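Colleague: Below you will find the structure I want to go over with you.
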Amino acid sequence: MLLRVAWRRAAVALTAAPVSKSGVPIRGLRVRVVDHAVQSSVPSDTAPAPEAESVLRPLYMDVQATTPLDPRVLDAMLPYLVNYYGNPHSRTHAYGWESEAAMEHARQQVASLIGADSREIIFTSGATESNNIAIKGVARFYKSRKKHLITTQTEHKCVLDSCRSLEAEGFQVTYLPVLKSGIIDLKELEAAIQPDTSLVSVMTVNNEIGVKQPIAEIGRICSSRKVYFHTDAAQAVGKIPLDVNNLKIDLMSISGHKIYGPKGVGAIYVRRRPRVRVEALQSGGGQERGLRSGTVPTPLVVGLGAACEVAQQEMEYDHERISKLAEQLTQKIMNSLPDVVMNGDPEHHYPGCINLSFAYVEGESLLMALKDVALSSGSACTSASLEPSYVLRAIGTDEDLAHSSIRFGIGRFTTEEEVDYTVEKCIQHVKRLREMSPLWEMVQDGIDLKSIQWTQH
């Protein structure tokens, strides 16, 4: 019955698609159906189809913030949302057993994607929790002998905040700077390791500039110095090939909603041989090998498992297609507009994350102008702040350029038409905003802005 109502609403959404006078669907905008009809609390088979009003929505080009749910993932999840609702930790009846079997199958799917053993996968609520468990859990377990950790200045906020929290507990943390390319200097990493270093945490792919760190080399250094290596791979898992054994990774954080899975679920890989010991952050029933107490949400982990399986099957195809679209976007914008800077290393880079700075244009103004494309000026976690991105500051970007940066995200469901539309609108609005800018006018007149002594009134 619920499914029938859902299908009916989907049908209304399809028939409500806006068309232009010529009969061609409106380009560049998607349709959302807003239901204004009064709904009964109990869905009825005989209830009339709801009145629907179509509302234009922007194109989605912000896949680093979150990704849409893959329909194949939803198909895998639906039975566990409706029929198979048992608690996977109930050992006395079939409802519990079938949920447990689904949970263990999902664990195997996640493990297979990263070359791990299923017993090394612990389900969590997402990459933020996984990062907290990895960093605080390892540090606190070994605190009697080791009180030093190493991370980088461009990590995700939850890693940096976990490290600051440990500093308040008496730990010492080294925040490694990065080169102009956004990549760490491996010699600096080696020099920073001390006899009492317990953990090195470096993200695989940066969420703001898409830079790929040399994970294999970092793994080798950590392994040779008997230091545990954790990587936040939320932006990398399912997008680039990763094997925890080949890369000598000891702990890895995974997020469901970054790989076309559901929100509210993630995983942490914790190596078993040689065993990595972690102090649990959460007290409770001792689920997930005692590392993460709380009932595992079967529909969500089934979705995470399905997302990992689909990613494994389609990784090569997705990467090739996304690379082509990314090349198309960057080439068209940079060939049409002067003074556009690509942030981060162009070689060691995940193609689906493109961060461009448009000189002499305020990033917030450009975002407002591009209202029919959903874009971001950086991390969703810090996008409410008007401060320039700390990642861009760390790679040495000038403050004015950091303020003019836009992140373009290209994903599995991004089309060539959407990329063309975004490029066209971006070029149009950058030109318009520059024409309004006195700084752009001065540059065109050959004035070096850095030579000007600005005074305050």
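Colleague: Could you check the range 170-183 and list, in sequence order, the residues that are over 17 Å from LYS143 (Cβ atoms) and surrounded by 16 or more Cβ atoms within 10 Å (Cβ to Cβ)?
Modeller: Restricting attention to the range 170-183, the residues satisfying the condition of being over 17 Å from LYS143 (Cβ atoms) are 175-183.
Correct list: TYR175, LEU176, VAL178, SER181, GLY182, ILE183.
Colleague: Among the residues of the range 236-255, how many are buried (at least 23 other Cβ atoms within 10 Å of the Cβ) and closer than 14 Å to ASP318 by Cα?
Modeller: 4
Colleague: Any residue in the range 403-416 that is acidic (Asp, Glu), open to solvent by less than 30 Å² (accessible area, probe 1.4 Å) and modelled with pLDDT of 95 or more?
Modeller: The initial filter retains those residues of the range 403-416 that are acidic (Asp, Glu), namely 416.
Add one more test, that the residue is open to solvent by less than 30 Å² (accessible area, probe 1.4 Å), and what stays is none.
Among the residues of the range 403-416, not one is acidic (Asp, Glu), open to solvent by less than 30 Å² (accessible area, probe 1.4 Å) and modelled with pLDDT of 95 or more, which makes the answer no.
Colleague: Here is a follow-up. Looking at GLU288, GLU279, which one is at pLDDT below 95 and within 23 Å of ILE122 (Cβ to Cβ)? Please lay out each step first, then the result.
Modeller: On the way: GLU279 fails: at pLDDT below 95.
On inspection, the qualifying residue turns out to be GLU288.
For every residue, the table says whether it meets (1) in contact with an Asp or Glu (Cβ under 7 Å, 6 or more places away or on another chain); (2) open to solvent by 30 Å² or more (accessible area, probe 1.4 Å).
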| residue | (1), (2) |
| --- | --- |
| ALA116 | no, no |
| ALA127 | yes, no |
| ALA139 | no, no |
| ASP185 | no, yes |
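Colleague: If you go through the range 317-333 one residue at a time, do you hit one that is among the hydrophobic types (A, V, I, L, M, F, W, C), over 18 Å from GLU417 (Cβ atoms) and in contact with a strand residue (DSSP E or B) (Cβ under 9 Å, 6 or more places away or on another chain)? Before you say what the answer is, go through the steps one by one.
Modeller: Within the range 317-333, the first condition is being among the hydrophobic types (A, V, I, L, M, F, W, C), and the residues that meet it are 322, 325-326, 329, 333.
Of the ones still in play, those that are also over 18 Å from GLU417 (Cβ atoms) are none.
No: the range 317-333 contains no residue that is among the hydrophobic types (A, V, I, L, M, F, W, C), over 18 Å from GLU417 (Cβ atoms) and in contact with a strand residue (DSSP E or B) (Cβ under 9 Å, 6 or more places away or on another chain).
Colleague: For ALA102, indicate whether it is modelled with pLDDT under 50, among the hydrophobic types (A, V, I, L, M, F, W, C) and either more than 30 Å from TYR350 (Cβ to Cβ) or touching a Gly at 6+ places or on another chain (Cβ under 9 Å) (or both). Lay out the reasoning, then the answer.
Modeller: On the way: modelled with pLDDT under 50: no; among the hydrophobic types (A, V, I, L, M, F, W, C): yes; either more than 30 Å from TYR350 (Cβ to Cβ) or touching a Gly at 6+ places or on another chain (Cβ under 9 Å) (or both): yes.
Here the answer is no, as ALA102 does not meet what is asked.
Colleague: Now a separate question. Within the range 49-90, track down each residue that is at pLDDT below 95 and among the polar types (S, T, N, Q).
Modeller: Within the range 49-90, just SER54 meets the criteria.
Colleague: Scan the range 145-153 and give yes if some residue there is free of Cβ contacts under 8 Å to residues at least 12 places away in the same chain and over 15 Å from VAL202 (Cβ atoms), otherwise no.
Modeller: Within the range 145-153, not a single residue is free of Cβ contacts under 8 Å to residues at least 12 places away in the same chain and over 15 Å from VAL202 (Cβ atoms).
Colleague: Can you find even one residue in the range 225-233 that is modelled with pLDDT of 95 or more, closer than 29 Å to GLU98 by Cα, buried (at least 24 other Cβ atoms within 10 Å of the Cβ) and aliphatic (A, V, I, L, M)?
Modeller: Taking the range 225-233 as the starting set, the residues that turn out to be modelled with pLDDT of 95 or more are 225-233.
Remaining after also requiring closer than 29 Å to GLU98 by Cα: none.
The answer is no; no qualifying residue exists.
Colleague: Okay, next question. Criterion first (at pLDDT 95 or above, charged (D, E, K, R) and under 20 Å from MET315 (Cβ atoms)) does ARG119 satisfy it? First the steps, then the outcome.
Modeller: Numbers: at pLDDT 95 or above: yes; charged (D, E, K, R): yes; under 20 Å from MET315 (Cβ atoms): no.
So ARG119 fails the test.
Colleague: For a quick check of your reading of the model, give me the residue pairs whose first member lies in the range 155-169 and is open to solvent by 40 Å² or more (accessible area, probe 1.4 Å), whose second is among the hydrophobic types (A, V, I, L, M, F, W, C) and at pLDDT 95 or above, with beta-carbon atoms closer than 6 Å and at least 6 apart or on different chains.
Modeller: From the range 155-169, the pairs are GLU167/VAL173.
Colleague: Can you name the condition, by its number, that VAL419 falls short on among (1) assigned to a loop (DSSP other than H, G, I, E, B); (2) open to solvent by less than 50 Å² (accessible area, probe 1.4 Å)?
Modeller: (1)
Colleague: Could you tell me which residue of the range 322-355 is most open to solvent (accessible area, probe 1.4 Å), considering only residues that are touching a residue at least 24 places away in the same chain (Cβ under 8 Å) and farther than 21 Å from GLY182 by Cα?
Modeller: Residue satisfying both the conditions and the ranking: LYS332.
Colleague: Of all residues in the range 349-378, which are polar (S, T, N, Q) and modelled with pLDDT under 90?
Modeller: From the range 349-378, those polar (S, T, N, Q) are 355, 357, 365, 376-377; that's our starting set.
The answer is SER377, and nothing else.
Colleague: List the pairs whose first member sits in the range 203-223 and is of a type outside the set (S, T, N, Q) and modelled with pLDDT of 95 or more, whose second member is open to solvent by less than 20 Å² (accessible area, probe 1.4 Å) and in a helix (DSSP H, G or I), and whose Cβ atoms are under 7 Å apart, counting only residues at least 6 apart or on separate chains?
Modeller: Listed by first residue and then by second, the contacts come to GLU208/VAL391; ILE209/VAL391; ILE218/LEU189; ILE221/LEU189.
Colleague: A follow-up question, please. Being of a type outside the set (Asp, Glu) and over 14 Å from GLU208 (Cα atoms) is the filter; apply it to the range 384-402 and report the residue that is most open to solvent (accessible area, probe 1.4 Å).
Modeller: Within the range 384-402, the subset of a type outside the set (Asp, Glu) is 384-386, 388-397, 401-402.
Checking which are over 14 Å from GLU208 (Cα atoms) leaves us with 384-386, 396, 401.
Working: ALA384: 102, SER385: 52, LEU386: 130, GLY396: 43, LEU401: 37 Å².
The extreme case among them is LEU386.
The values are calculated or read from the model by the stated rules, or taken from the named source; none is laboratory data. Computed from a predicted model, the values in this text were never measured in an experiment. Cβ sites come from the backbone with ideal geometry, for glycine too, and all protein chains shown count toward neighbours. For accessibility, only protein heavy atoms count, side chains too; no ligands or nucleic acids. Shrake-Rupley method; radii C 1.70, N 1.55, O 1.52, S 1.80 Å.
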